[in-house]
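The values are calculated or read from the model by the stated rules, or taken from the named source; none is laboratory data. Source: prediction; values computed, not measured. In this analysis, Cβ positions are derived from the backbone assuming ideal geometry, glycine residues included, and neighbour counts consider all displayed protein chains.
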């Protein structure tokens, strides 16, 4: 019986890591939303380097601190953003790449998480320094809320299912 408990625990840890990894893929988009107020384009202010951290919060309430670094490049007059994000904690490591485009207030794009080989789409609306939207990776979906915070931003991600209830991160230049 102890073997079965161990196997169940290992499957649960694997699921938590996969869910958190896919959830953190949204961090590749974290730097994009707050720049809408910039006249050069919604993503112009987010070219450059950011760092910070937050927490991965399990559905059981367990919190684990996570540290992140982001590097972004804006193009097409600030209407597009290519982003690379690396996040790590004791239990998780994510390497996320994304490309997003704004057309008016609508945002669309794609992301990939290279350490787990998963990818999907990003969609939503950006307005007045806030983004509200959704990420979709086939079996993974999550709602996303981003908000400008002075020289940085905050992000909250809530997966629709799994062992991770939400991911909260704050980044600054």
>> If the requirement is being farther than 15 Å from residue 83 by Cα, free of Cβ contacts under 8 Å to residues at least 40 places away in the same chain, surrounded by 15 or more Cβ atoms within 10 Å (Cβ to Cβ) and touching a strand residue (DSSP E or B) at 6+ places or on another chain (Cβ under 7 Å), which of these qualifies: 160, 130, 143?
In response: 143
> Of all residues in segment 84-122, which are more than 30 Å from residue 62 (Cβ to Cβ) and modelled with pLDDT of 85 or more?
Replying inline: 99, 100, 101, 102, 103, 104, 106, 107, 108, 109, 110
> Just to be sure, is residue 102 closer than 26 Å to residue 65 by Cβ and in contact with a strand residue (DSSP E or B) (Cβ under 7 Å, 6 or more places away or on another chain)?
Replying inline: no
>> Quick check on my filter: what residues within segment 110-127 are in contact with a helix residue (DSSP H, G or I) (Cβ under 7 Å, 6 or more places away or on another chain) and either surrounded by 15 or more Cβ atoms within 10 Å (Cβ to Cβ) or without any contact (Cβ under 8 Å) to a residue 60 or more places away in the chain (or both)?
In response: 111, 113, 116, 118, 122, 126
>> For the structure I just gave you, tell me whether residue 78 is modelled with pLDDT under 85, surrounded by 13 or more Cβ atoms within 10 Å (Cβ to Cβ) and farther than 21 Å from residue 157 by Cβ.
In response: yes
